[in-house]
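The values are calculated or read from the model by the stated rules, or taken from the named source; none is laboratory data. Computed from a predicted model, the values in this text were never measured in an experiment. Cβ placement follows ideal geometry from the backbone for every residue including glycine, while neighbour counts extend to all protein chains displayed.
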Amino acid sequence: MVEFSADSWQASSPGLQEGLGDWVEALTDLAQGLESLAGSGNISGAGADAMRAYIREVHVPIVQSLLVCLYTFQTAIGVYWSGYGEVDADGNFRLVNDEFDDHVTQLDTGVELLRGFATDLRGIAARASHLVSLGSAGADAVEGTISEFENMQVVAKTQHETWQAYEATDHGFNQVKNLLGELKSILNNV
């Protein structure tokens, strides 16, 4: 089940961006420190050259890959949020898939019940027509309500389909997933 609310996203987004910014800053500092250590002439001894080479060839690329992954994730979040406006044109969109499905089911059930009421009202009016003219005001009112329910169904289904189509597109998260997979592979080989 996908649960999404613009309010909760906006509320957590600054914290997420701030947290990612902290990680980027820490990894940038680490990369600079490793570069400085690998380039330092202050380390000497039999293993110094091998240590510097190892830092340059293993640690620095891993940290740089992590940075690329974080930047890509930040971009993906930005792309995702920017594109959300296409789904939420009026700013009132809330999605919980199960609730959407329940809403459409309830509308379907309501339309069927109302159609039954309209049929019953027309039958009652027809059976009593020799006694009194009841007209079709009650049935017409029910038919109007049915029409409103059907409009609500169209809105709910359209918005749900729009959301699903948006979610089916790649916002860059697959690239992040691939980068993480590559990093895991590198770390397994180190």
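Just checking, which of 79, 63 is surrounded by 12 or more Cβ atoms within 10 Å (Cβ to Cβ) and modelled with pLDDT of 85 or more? Step by step, each of 79, 63 is checked, and only 63 is surrounded by 12 or more Cβ atoms within 10 Å (Cβ to Cβ) and modelled with pLDDT of 85 or more. So, of the residues in the range 138-188 that are within 28 Å of the chain's Cα centre (by Cα) and of a type in the set (Asp, Glu), which turns out to be farthest from residue 66 (Cα to Cα)? Top of the filtered list is 150. Any idea how many residues of the range 162-174 are surrounded by 15 or more Cβ atoms within 10 Å (Cβ to Cβ) and either of a type in the set (D, E, K, R) or outside any helix (DSSP H, G or I) (or both)? Adding up the residues that qualify gives 2.
Per-residue answers, yes or no, for (1) more than 19 Å from residue 117 (Cα to Cα); (2) of a type in the set (Ser, Thr, Tyr); (3) surrounded by 13 or more Cβ atoms within 10 Å (Cβ to Cβ):
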site: 136; (1), (2), (3): no, yes, yes
site: 160; (1), (2), (3): yes, no, yes
site: 178; (1), (2), (3): yes, no, no
site: 190; (1), (2), (3): yes, no, no
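Looking at this structure, is residue 16 at pLDDT 85 or above, aliphatic (A, V, I, L, M) and either assigned to a helix (DSSP H, G or I) or over 40 Å from the mean Cα position of the chain (by Cα) (or both)? Against the criterion (at pLDDT 85 or above, aliphatic (A, V, I, L, M) and either assigned to a helix (DSSP H, G or I) or over 40 Å from the mean Cα position of the chain (by Cα) (or both)), residue 16 does not qualify. Scanning the range 175-190 for residues that are over 22 Å from residue 74 (Cα atoms) and in a helix (DSSP H, G or I) turns up 185, 186, 187, 188, 189.
Mind checking whether some residue in the range 131-145 is at pLDDT below 85 and either hydroxyl-bearing (Ser, Thr, Tyr) or within 30 Å of residue 35 (Cβ to Cβ) (or both)? Yes: the range 131-145 contains one or more residues that are at pLDDT below 85 and either hydroxyl-bearing (Ser, Thr, Tyr) or within 30 Å of residue 35 (Cβ to Cβ) (or both). Out of curiosity, is residue 148 assigned to a helix (DSSP H, G or I) and either in contact (Cβ under 8 Å) with a residue 40 or more places away in the chain or touching a Ser or Thr at 6+ places or on another chain (Cβ under 6 Å) (or both)? Spelling it out, it is not the case that residue 148 is assigned to a helix (DSSP H, G or I) and either in contact (Cβ under 8 Å) with a residue 40 or more places away in the chain or touching a Ser or Thr at 6+ places or on another chain (Cβ under 6 Å) (or both). Of the set (1) in contact with a Gly (Cβ under 9 Å, 6 or more places away or on another chain); (2) farther than 26 Å from residue 100 by Cβ, all apply to residue 149 but (2).
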